Amino acid sequence: MGDPAASISVKILKADGVRLNSDNADVKPAVLAQLRINIGGRGEQAYRTGPAPASTSPEWNQQFFLPVKDPQTSQLECTLWDDSDANAKNHSNFLGEVILNLAKLVPYKGQYIEQVFDIKQGKTIKTDKPASGKLKMGLQLDSPPVPGALNQQPAAQEKKQDPTPPP
């Protein structure tokens, strides 16, 4: 991949109104978020939060530092999954996604921004149930990368090498 031109700090704060994954209203999803930088349709290494306690309004407050090869052409992809669905088939545990073109953050480089995003139905992952809810994230694009930032691993972070979605 070469040296990154930038890094992005992503703090996954909370979500509200995430859809139920079960037809049983008493069964709440154990939601986890998966992050990756996508450039030209190709996703880089995935980073995952731990699953939040079963709720349609999960809170994580977990921070990640991701390398960004080219902020002008890259996207931050955050997908939400129901980790409590032990029998997931054909991405049936997919709850929705937020995709952000990082070029929108370039004018604000070095500034921390908290924003609420609509959780949308996936473009490439289709499910029978529509996505719903809002996801609040804190973002800071640094260009050039902050020295040592890409090596920081907060204790709450679960870093996975597998670029495939959770089962």
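The values are calculated or read from the model by the stated rules, or taken from the named source; none is laboratory data. Quantities reported herein were computed from a predicted structural model and do not represent experimental measurements. Cβ placement follows ideal geometry from the backbone for every residue including glycine, while neighbour counts extend to all protein chains displayed. All accessible areas refer to the heavy atoms of the entire protein, side chains included, with ligands and DNA or RNA removed. Shrake-Rupley method; radii C 1.70, N 1.55, O 1.52, S 1.80 Å.
Before moving on, here are some points about what is shown:
- Test result for residue 136, at pLDDT 95 or above and among the basic types (Lys, Arg): yes
- Applying the condition of being touching a Leu at 6+ places or on another chain (Cβ under 7 Å) and β-branched (Val, Ile, Thr) to the stretch 47-85 and asking which residue is most open to solvent (accessible area, probe 1.4 Å) yields 56.
- Here the stretch 86-109 is the region considered, the condition is being over 12 Å from residue 119 (Cβ atoms) and assigned to a strand (DSSP E or B), and the residue that is least open to solvent (accessible area, probe 1.4 Å) is 100.
- Take the conditions (1) open to solvent by less than 20 Å² (accessible area, probe 1.4 Å); (2) of a type outside the set (Lys, Arg); (3) touching a Ser or Thr at 6+ places or on another chain (Cβ under 8 Å); (4) over 16 Å from residue 96 (Cα atoms); residue 38 misses just one of them, which is (1).
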